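Here, each number is a calculation from the coordinates, and none is a lab measurement. As the structure is a prediction and not an experimental result, all values here were calculated from the model. Counting neighbours? That spans all protein chains shown, and the Cβs are built from the backbone with ideal geometry, glycine included.
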Amino acid sequence: MTGDLSEADRSLLVVMSRVLDPSTLNAYTEMLPIIPTDPAITEFDNLPADTDEQTRHELAERLVAFGDRLRTEHPALKELRPDVPTGVHPAARTLAVAVKDLYNRAQIDVLHRIRCLRRTPPRTDPT
């Protein structure tokens, strides 16, 4: 099931197994078979640290669209629920440290761009 994931993604999954509640972890496990099939995931996995700004931006947009599709198909992914007594913030900090250790600077930048894009409301046509 996790054989098609990158080494970094498998390592992050181990960290997630320690901080997410069982139902959220179950939702991630159910969607694992489809993740490696999306070209944007493969591009992210192979993204060189010196990737240019435009490529990072375009990849982030494609990953947001992919993530939206996953959340529609797997509603349990809409919210991370930690399984730690100290709550969401320590779990988020743990995941942030893992991401910093597992991914290169371009990949981390793409993840940051995804967070920014998800916080920005979609543009509407003023016509």
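Name the pairs whose Cβ atoms lie under 6 Å apart, with the first residue in the range 88-103 and hydrophobic (A, V, I, L, M, F, W, C), the second surrounded by 12 or more Cβ atoms within 10 Å (Cβ to Cβ) and not in a helix (DSSP H, G or I), and 6 or more positions between them or separate chains?
VAL88/PRO82; ALA91/PRO82; ALA91/VAL84
Every residue in the range 15-50 that is surrounded by fewer than 18 Cβ atoms within 10 Å (Cβ to Cβ), in contact (Cβ under 8 Å) with a residue 12 or more places away in the chain and in a loop (DSSP other than H, G, I, E, B), please.
ASP21, ASP38, PRO48, ALA49, ASP50
Given the options ARG69, ARG10, ARG56, ARG18, name the one that is in contact with a Leu (Cβ under 9 Å, 6 or more places away or on another chain) and basic (Lys, Arg). Even if it seems obvious, please write down each step before you answer.
Numbers: ARG69 fails: in contact with a Leu (Cβ under 9 Å, 6 or more places away or on another chain); ARG10 fails: in contact with a Leu (Cβ under 9 Å, 6 or more places away or on another chain); ARG18 fails: in contact with a Leu (Cβ under 9 Å, 6 or more places away or on another chain).
Just one listed residue meets the conditions, ARG56.
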